[in-house]
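In what follows, a single structure is set out as structure tokens and then discussed.
Every number here is computed from the coordinates shown, using simple stated rules; none is lab data. Note that this is a predicted model, so its numbers are computed, not measured. Here Cβ is always computed from backbone atoms with ideal geometry, including for glycine, and neighbour counts include all displayed protein chains.
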Amino acid sequence: MDNEDKTIDLINNLKDIPAMPNIIVKVLKLMHSETAGAPEMAAVIKCDQALCTKMLSIINSAYYGFGKQITSINMAISLLGIKKTKNIIVTVAMSPLLSFQGAKSLWRHSILTAVGCEYIAEKYNIGNSDDAFVMGFLHDIGKIVLNLIDAERYQIFMNSQVHPDTNIQEERLKFDTDHSSTGSLLALRWQLPDIIKDVIRYHHYPLKAKNFLAPALVNIVNALVQDNFVDDWYDKELAKMINLHIDDIDAVRKEIFEKGEALLQELS
Ligand SMILES: [Fe+2]
Ligand SMILES: [Fe+2]
């Protein structure tokens, strides 16, 4: 049985595969419809009172820094634009799935990677910065499945302090699969857009992807946002291949952590 078959087998034996939150399904559908715009997006958000409240509090936070009170969803969408609005919806709606008990570290890591991908994509003009946030945010969703397979063992494993690209090999030895394989299957079931599917599948092996830009960006940011980062943890050759030349790595990390912590505080 090869790695993929083993993963399918493991997933088929699980009783409670998480469902994609309905609001994300609606929002991603909207994003792919050519005629949908701000009014349609506002209508979807307004159906969910808890989401409306949370969105307004996040948009009024220091993270976005608009400097004036934003009091309506329509105003929020017109200031943020549809794509950034989508980022907030995905973050809020996925929060219960990514912050399962005992795995606060995954939630924090997902937010820091999302913020880091968006920041680097914008600052260095790498790929489409509107997609970058969601790619970074969802890159490790396969860990949800591994946690379902064996929560006790996986949570101990998640706290190990080795390089993320080494960690995934260890995962395969210990769990017979890894989070890029379980994540790809989840992404397939959830019908996520191809660019996000590729990131989930290839972020630890970006050069295996047909379009490696997005997986490579996530791979680099994934290393940068580790608390125990040391300089040779990010792949400089890979960075060159996507035209990313980071001048002051400490300043960039500091910026990402400050932005990330500010957003985390708003979301808590
Ligand atoms: Fe990963
Ligand atoms: Fe990661």
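Structure values in brief
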read-out	value
Violating pairs (Cα-Cα greater than 30 angstrom) within the set Lys6/Lys123; Lys236/Lys259; Lys6/Lys86; Lys29/Lys143	Lys6/Lys123; Lys6/Lys86
Order of Cys52, Cys117, Cys47 - criterion: other Cβ atoms within 10 Å of each residue's Cβ, fewest first	Cys47, Cys52, Cys117
Met241, Met55 arranged by Cβ crowding within 10 Å, fewest neighbours leading	Met241, Met55
Sites Ser105 and Asn211, calculated FRET efficiency, Cβ-Cβ separation with R0 22 Å, nearest 0.05	0.15
Gyration tensor (alpha-carbon) shape descriptor, the stretch 134-237, a/c threshold 1.5	oblate
Out-of-range pairs (alpha-carbon distance over 27 Å; input Lys174/Lys210; Lys26/Lys174; Lys210/Lys240)	Lys174/Lys210; Lys26/Lys174
Chain lengthening between Asp5 and Asn159 when straightened (0.36 nm per residue, less Cα-Cα)	52.7 nm
Relative contact order (percent, whole number), the stretch 1-92, Cα cutoff 8 Å, 6+ residue spacing	28
Förster-model FRET efficiency, 30 Å R0, Ala62 and Ile249, C-beta, rounded to 0.05	0.80
Residues Thr91, Thr35 arranged by fewest to most Cβ contacts within 10 Å	Thr35, Thr91
Euclidean distance between Cα centres, the stretch 178-196 to the stretch 206-246, Å	20
